[in-house]
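Below: the structure, in structure tokens.
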Amino acid sequence: MSGRTVTITADDFGFDPAVNAAIIELGVSGRLHAASVLVEAPHAAAALEAQVPIAVGLHVALAPAMLAGATGEQIHAEIERQWDRMVRHGRTPAHLDLHTAALYGVGAEAVRPGGVLVEALAVAAAHRVPLRLPRVLPPAFTHGTAGHAALLAAADEAGVALPEAICTDFRPGQEISGYGDLRAHYRALMAQLPAGRSEIFLHPAVPSGTESDDDGTRPGSRAGEDGTRPGSRAPDVARPGGRAHHSGSHPGGRTPVGASRSGEHGRDGATHLGSDAADSRKRVWEYQLLVSGDLHHDLAAADIRT
């Protein structure tokens, strides 16, 4: 399929030093187009001070209590507050996206129909920046974002740029058998991307040296390029929360800002689902997918331009 392009984004900039190091390296080396900052995260200041030649946007995170009980006006004000905090650190957000599936109105913890998309769209329109709200929803996804068609119409009327589709590996780390499994998952997602500009977002972190590659497939390998493994199935092109796994989790299975390490709810309504080791391995594999050039190789092989 021709006419397909992607923006490659790294989320959770500011989450911890390993995430920051990965995003800075990948941004400087040209492996990323953009990153999204968690302005409330402990290492957000370091992320915002980094000189990285990529677009840097706002990754909105909200506390569970606010998501459950705040008015639309209060949520709008909170998103603006996070926007202003980023600006005060010397970075005007280049785009806007949301940290968890619940903020998109998806999953068991999505206590607000449509999440905070109306408010996020209003902020994006006011500041004239793109919003991570995909136009194309996967046909196999049964829950659907409330009012999706109306949101698209409102975005078009306001001139807010949207991706055609988005894709990421929403599986928690313990469901991924190794680097080859993760790479095959992204290859399957690529195959389903529609014409136009879509977004791939990942959650990379540099390795600590203790992570293992469970399936024996190393980054940079060109073997097994059919992207399959025993028992695998092609995933749907993803949208926020666009897989019916562990509803309400942080997209990509990562620990949300403020989440406990024992499965308690975090500051933005997400639950930490995987072990620390499994999630760390996943973050490192996503870093390796980018730094090795494998993601870019697979995109080129699929005739998808970056």
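The values are calculated or read from the model by the stated rules, or taken from the named source; none is laboratory data. Every value quoted in this text rests on a predicted model; they were computed, and no experiment measured them. Using ideal geometry, Cβ is built from the backbone for each residue, glycine included, and neighbour counts are taken over all protein chains shown. Just so you know, the surface numbers come from the protein's heavy atoms only, side chains and all, with ligands and any DNA or RNA stripped out. Shrake-Rupley method; radii C 1.70, N 1.55, O 1.52, S 1.80 Å.
Checking the structure you have, find out if any residue of segment 219-227 is modelled with pLDDT under 95, out of contact with any Asp or Glu (no Cβ under 6 Å at 6 or more places or on another chain) and farther than 24 Å from ASP303 by Cα. Spell out the reasoning first.
At the first step, the residues of segment 219-227 found to be modelled with pLDDT under 95 are 219-227.
Narrowing the set further to residues that are out of contact with any Asp or Glu (no Cβ under 6 Å at 6 or more places or on another chain) leaves 220-227.
Among the residues that remain, those that are also farther than 24 Å from ASP303 by Cα are: none.
No, the conditions are met nowhere in segment 219-227.
Being part of a helix (DSSP H, G or I) and crowded, with 20+ Cβ neighbours inside 10 Å is the filter here; which residues of segment 49-77 pass it? Explain how you work it out, then say what you get.
First pass over segment 49-77, keeping only residues part of a helix (DSSP H, G or I): 49, 64-69, 72-77.
Matches in segment 49-77: LEU67, ILE75.
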If we scan segment 190-209, do we find a residue that is modelled with pLDDT under 95, surrounded by fewer than 21 Cβ atoms within 10 Å (Cβ to Cβ) and within 18 Å of the chain's Cα centre (by Cα)? yes
How many residues are small (Gly, Ala, Ser), assigned to a loop (DSSP other than H, G, I, E, B) and closer than 14 Å to LEU58 by Cβ if we restrict to segment 87-130? 2
What tally of residues in segment 81-113 results from selecting those that are on the phi > 0 side of the Ramachandran plot and buried (at least 18 other Cβ atoms within 10 Å of the Cβ)? 2
If the Cβ limit is 9 Å and pairs must be 6+ apart or interchain, which residue in segment 282-293 that is open to solvent by less than 10 Å² (accessible area, probe 1.4 Å) and β-branched (Val, Ile, Thr) pairs with which residue that is modelled with pLDDT of 95 or more and assigned to a helix (DSSP H, G or I)? VAL284/ALA18; VAL284/ALA22; VAL284/TYR179
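Give ARG112, ARG88 a once-over and let me know the one that is at pLDDT 95 or above and over 24 Å from THR7 (Cα atoms).
Values: ARG112 fails: at pLDDT 95 or above.
After applying the criteria, what remains is ARG88.
Scan segment 84-97 and tell me whether some residue there is closer than 21 Å to LEU289 by Cβ, in contact with a strand residue (DSSP E or B) (Cβ under 9 Å, 6 or more places away or on another chain) and basic (Lys, Arg). Steps first, please.
Initial filter on segment 84-97 (closer than 21 Å to LEU289 by Cβ): 97.
Imposing the further condition that a residue be in contact with a strand residue (DSSP E or B) (Cβ under 9 Å, 6 or more places away or on another chain) reduces the set to 97.
Filter once more, keeping what is basic (Lys, Arg): none.
So far as segment 84-97 goes, no, none of its residues is closer than 21 Å to LEU289 by Cβ, in contact with a strand residue (DSSP E or B) (Cβ under 9 Å, 6 or more places away or on another chain) and basic (Lys, Arg).
I'd like the full set of residues that are without any contact (Cβ under 8 Å) to a residue 60 or more places away in the chain, in a loop (DSSP other than H, G, I, E, B) and open to solvent by 10 Å² or more (accessible area, probe 1.4 Å), limited to segment 30-48. First the steps, then the outcome.
Initially, segment 30-48 is screened for residues without any contact (Cβ under 8 Å) to a residue 60 or more places away in the chain, giving 30, 35, 37, 39, 42-48.
Filter once more, keeping what is in a loop (DSSP other than H, G, I, E, B): 30, 39, 42-43.
Of everything in segment 30-48, those that are without any contact (Cβ under 8 Å) to a residue 60 or more places away in the chain, in a loop (DSSP other than H, G, I, E, B) and open to solvent by 10 Å² or more (accessible area, probe 1.4 Å) turn out to be GLY30, PRO42, HIS43.
Farther than 29 Å from LEU295 by Cα and either at pLDDT 95 or above or surrounded by 23 or more Cβ atoms within 10 Å (Cβ to Cβ) (or both): is that true of GLY159 in this structure?
Working: farther than 29 Å from LEU295 by Cα: yes; either at pLDDT 95 or above or surrounded by 23 or more Cβ atoms within 10 Å (Cβ to Cβ) (or both): yes.
In short, yes.
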